[in-house]
Amino acid sequence: MGLLEYLGLKVKTPDIEPTAGTVTAEAAAAAYFKTSALATAITYKANALSMCAIRVIEGGEEVKNELWYKLNYSPNPNQNSSQFMNYFMEQLCRNGQALIVPIRRSFYVADNFGVVENQLSDNVFDNVVVEGKQYNRSFKASKCMFFKLNDRNVSAFVNETLEQYSQMMALAMKSYKDTCGQKYKVVLDRAPSGDVDEEKKYQDFLAGNLKTFIENANAVYMETRGQRLEPVKAEGGAEPADITALRKEIYDAAAVAFKIPRPIMYGDMTNMGDLVNVMLTFAVDPEAQMFGEEATRKNYTQEEICNGGCKIKVDTTTIKHVDIFDVAPSVMNLISSGVRTIDDVNEALGFERENSETTSARLMTKNLGAIEDVLREAKQGGESK
């Protein structure tokens, strides 16, 4: 019997639902798969974002100031940047929104918070909980970084969908357990004696004898005259393949909800480069852009952004592992065309900037000279003609 056919017959059957207030082994196992799928998807997104370099640009040039240090190394005394970004992404994915509050010149991700929405002025965040402590003060939206997913119902959808799969998994596991276990029936050749007490004693003896026989690997069942024990073959129910397929569907649902390629969820390394590109495009870049935009507008004024060249950018190019020999031709093209400096390429490949006159200059073919020299030679050549 297939899984869908089984579920169509069994979902509405009340006698296989767990008793109110109890947790069955099947329900606990199903809940584990749900939690595991969610954790796997969120961890992939969180780890990817925490690997990004956060660039602070002022006056059109990248700077390394206090803000850069806090965002890339130590946002607060209790977390490094990776821990901070991991927790930020977890809050955003699980709740559909996240709040970063400034406290004592540090940044903290709120564990929980309430919001008072105002139409013509700043929203206000109250009942803010940070590291288990609730603050008896409010935070203006203009002073905080607030993030909200465009998919407003993504969290509710994911939880509801995975909860349904979790319930189906519990039903399938219970059915498999019920049908795979050995069952017996007791055949009696005699009619009840009519004595209630005697019948009760006989039933208790029979039940105890059967329980010992069924639950122990090495046991002897004592048959008495007028009764015999016969095995009963169970039919129908879920099969191991059904449970495996349902587990896969749970992970698939989490992958689709968080826009992660399904093979990545299973650790499939085939075409990993292409899969990572897809994941970055749809699962990481949107949140990275959201973080950069919100951090920019909350740390700089309109004048500084429009005329001062100030912005904060989350660089997702630092996520992928790069083999320098594989990208050597591309590196050569970038440098020789004057698009990037040697220092820029070094940083993109994970090496330190040298910041020398040569490595910080833009070069151009044919002889990889400075752009100014090439232009000067071209001008002189034109004048000589």
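Rundown of residues vs (1) modelled with pLDDT under 85; (2) under 27 Å from D285 (Cα atoms); (3) touching a strand residue (DSSP E or B) at 6+ places or on another chain (Cβ under 8 Å), yes/no style:
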| site | (1), (2), (3) |
| --- | --- |
| E17 | yes, no, no |
| L38 | yes, yes, no |
| A41 | no, yes, no |
| C52 | no, yes, yes |
| Y73 | no, yes, no |
| P77 | no, no, yes |
| Q83 | no, yes, no |
**Checklist (1) closer than 26 Å to N47 by Cβ; (2) at pLDDT 80 or above applied to I335, failing item** = (1)
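Residues checked against (1) of a type in the set (D, E); (2) touching a residue at least 12 places away in the same chain (Cβ under 8 Å); (3) more than 14 Å from F291 (Cα to Cα):
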{"position": "Y44", "(1), (2), (3)": "no, yes, yes"}
{"position": "P77", "(1), (2), (3)": "no, yes, yes"}
{"position": "S82", "(1), (2), (3)": "no, yes, yes"}
{"position": "N118", "(1), (2), (3)": "no, no, yes"}
{"position": "D122", "(1), (2), (3)": "yes, yes, yes"}
{"position": "N127", "(1), (2), (3)": "no, yes, yes"}
**Request:** Answer with yes or no whether E58 is of a type outside the set (A, V, I, L, M, F, W, C), over 29 Å from A283 (Cβ atoms) and at pLDDT 65 or above.
**Result:** yes
**Prompt:** Applying the selection to segment 87-120, what residues are among the hydroxyl-bearing types (S, T, Y) and surrounded by fewer than 16 Cβ atoms within 10 Å (Cβ to Cβ)?
**Reply:** S106
**Request:** Please find, among I312, I260, the residue that is farther than 24 Å from L349 by Cβ, touching a helix residue (DSSP H, G or I) at 6+ places or on another chain (Cβ under 6 Å) and either assigned to a helix (DSSP H, G or I) or in the same structural domain as K70 (by TED's automatic domain parsing) (or both).
**Result:** I260
**Asked** Do the conditions hold for Y165, that is, is it among the aromatic types (F, W, Y) and either at pLDDT 90 or above or out of contact with any Lys or Arg (no Cβ under 9 Å at 6 or more places or on another chain) (or both)?
**Response** no
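Would segment 319-327 turn up any residue that is in contact with a Cys (Cβ under 9 Å, 6 or more places away or on another chain), at pLDDT below 85 and either part of a helix (DSSP H, G or I) or under 30 Å from C144 (Cβ atoms) (or both)? Write out each step before concluding.
Pass one, segment 319-327, residues in contact with a Cys (Cβ under 9 Å, 6 or more places away or on another chain): 319.
Imposing the further condition that a residue be at pLDDT below 85 reduces the set to 319.
Within this subset, residues satisfying the condition of being either part of a helix (DSSP H, G or I) or under 30 Å from C144 (Cβ atoms) (or both) are 319.
Scanning segment 319-327, I find at least one residue that is in contact with a Cys (Cβ under 9 Å, 6 or more places away or on another chain), at pLDDT below 85 and either part of a helix (DSSP H, G or I) or under 30 Å from C144 (Cβ atoms) (or both), so the answer is yes.
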**Request:** Filter segment 121-141 down to residues that are surrounded by 11 or more Cβ atoms within 10 Å (Cβ to Cβ) and either modelled with pLDDT under 90 or not in a strand (DSSP E or B) (or both), then give me how many there are.
**Result:** 6
**Complete:** By residue number, the members of segment 316-359 that are loosely packed, with under 15 Cβ neighbours inside 10 Å and either touching a Pro at 6+ places or on another chain (Cβ under 9 Å) or on the phi > 0 side of the Ramachandran plot (or both) are G350, N355
**Request:** Go through the residues of segment 281-296 one by one and say whether even a single one is surrounded by fewer than 18 Cβ atoms within 10 Å (Cβ to Cβ), part of a loop (DSSP other than H, G, I, E, B) and at negative phi.
**Result:** no
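The values are calculated or read from the model by the stated rules, or taken from the named source; none is laboratory data. What you are looking at is a predicted structure, and each value in this text was computed from that prediction instead of being measured. When we count neighbours, we look across all protein chains shown, and the Cβ atoms used for this are built from the backbone with ideal geometry, even at glycine.
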